[in-house]
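Peer 1: Pasting in a structure now, in structure tokens, and then I'll have a few things to ask.
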Amino acid sequence: MSLNGDMTNHKKSSSLKQRMLEIRDRYSILGDKPQDLSFPEIQARVQDFLIDQEDQKNAFAFGEGIAVGNASEKDAQFDPVKEFEADPNKLDELIMYVEFDMEIREHELLKEAGSFESSYNTLLFGAAMKLARKEDISDDLREFLVNHLISPLKKWEKRGGRPKITKLDEKFRYFAIEFARKHGLSATRHDEKRDRDSACDVVSAAALALYHSGMTEFGTGYGFDNLKKIWMKYSKR
């Protein structure tokens, strides 16, 4: 390969890494967030986060109700590697989707990798994200990467579909609370407290603002009491 070709590839790699870091700041619960923002500024960031997550639901939707071993080869499969090759402009949504899978389902993905190419490639994409961000990886994921580098899997069982994902709305709301909390807010507050400046409060306010702007999907399920229950449920896991 020519020197110019090497430089071009290096620029593409650097640009890709930079976009991953920027997306982590704006649309991910991972990484450090600004700590000196006002409540309205945090709310604006949470609104963007909520909108981005709502967009991801469309990508998740096909997996609802499809169980492993009970789907045909024609069922939709999400493969981030193939999706990125087909359309690099989808990187934002691909990162959000893979981040969710790696956060919630890494153990299951590792078990599925021998049967589903989509799960195998999700692990590869997720591992690349973690390495680009210099994040720790689990021992099992490290072993998967070593095996892939030595002897990459090339054949999978001919089964389609994805494992069923449940309680997706709750998990997305929990992520929104965690995203807000990362900006220096307490997760919740005592119900009677007058100063409503917790992460649950800002997510509730952000959802209400989006609802009033015409996004009716944010009209229910974002009250403070409900968000507090969701936080208490998932933060213990």
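Peer 1: Sorted by average packing, counted as other Cβ atoms within 10 angstrom per residue and highest first, what order do 136-143, 115-122 take?
Peer 2: Sorting 136-143, 115-122 by mean packing, highest first, produces 115-122, 136-143.
Peer 1: Tell me, in nm to one decimal, what length is gained between Val146 and Glu217 on full extension, where the rule is 0.36 nm per residue of separation less the Cα-Cα distance? Display every interim value, and only then the final one.
Peer 2: Numbers: separation 71, 0.36 × 71 = 25.56 nm, distance 4.32 nm.
Length gained, Val146 through Glu217: 21.2 nm.
Peer 1: Here is a follow-up. How far apart, in nanometres, would the label points at Asp225 and Asp36 be if each is projected 7 angstrom from Cα along the Cα-to-Cβ direction?
Peer 2: 4.0
Peer 1: Sorted by mean Cβ packing within 10 Å, highest first, what order do the peptides 129-135, 95-101 take? Walk me through the numbers before you get to the answer.
Peer 2: Working: 129-135: 14.3, 95-101: 22.0.
Going from most to least packed, we get 95-101, 129-135.
No value in this document is a laboratory result; all are computed from the given coordinates. Computed from a predicted structure; not experimentally measured. When we count neighbours, we look across all protein chains shown, and the Cβ atoms used for this are built from the backbone with ideal geometry, even at glycine.
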